Amino acid sequence: TPYLYVERTSSMDGEEIGKAMHTGFAEVWAFMEKHGVGPAGGGLSVYYDYSEDTMRFRVGFVVARDDMAAAEGAVQADVTPAGRVLHFTVTGSYEGLRPAYEEMMTHMEAEGLQYVPPTWEFYMNDPNTVPEDQLVTECYQAFAA
């Protein structure tokens, strides 16, 4: 899936993550408006590097493949990777993501699956327009058997 993004780093604190995502989405959206690029899907985040204390991630929007050429400066383009993934959906508050990921990691361990970066999330609706209990997040975790 092609996307435009900016990179962010934050602590693992939910409030700080939310602020970093908010500023990232705003920056990419402003770039897209300035360059006449429309979204071809919703927002997403892609996580490549994280520890117990910090994480580095990309935040942006799905775009048409041809619109990737507009990327410049802090706004870059990439595609989500192909390969084997675990997929799950979380409905409700973003606070429900962490427990869902913990359950996924337990499942991966039980199945003998090895986590490999990245992890990515598609935000299927907007928290500014739908109630929190109706938010839908599609989550993907790459793995090696």
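Look through the stretch 1-25, keep the residues that are in contact (Cβ under 8 Å) with a residue 40 or more places away in the chain and open to solvent by 70 Å² or more (accessible area, probe 1.4 Å), and return whichever of them is farthest from T54 (Cα to Cα). Within the stretch 1-25, the match that is farthest from T54 (Cα to Cα) is E7. Checking each residue in the stretch 39-87 for being open to solvent by 60 Å² or more (accessible area, probe 1.4 Å), out of contact with any Pro (no Cβ under 6 Å at 6 or more places or on another chain) and aromatic (F, W, Y) picks out only Y50. The strands (runs of 3 or more DSSP E) found wholly in the stretch 31-145 and carrying at least 2 residues that are under 21 Å from A20 (Cβ atoms) occupy 43-50, 54-62, 76-79, 114-123, 136-144.
The values are calculated or read from the model by the stated rules, or taken from the named source; none is laboratory data. The model shown is predicted, which means the values in this text are computed figures rather than measured ones. All Cβ positions, even for glycine, are placed from backbone atoms using ideal geometry, and neighbour counts span all protein chains on display. Please note that ligands, DNA and RNA were not included when accessible areas were found on the heavy atoms of the full protein model with its side chains. Shrake-Rupley method; radii C 1.70, N 1.55, O 1.52, S 1.80 Å.
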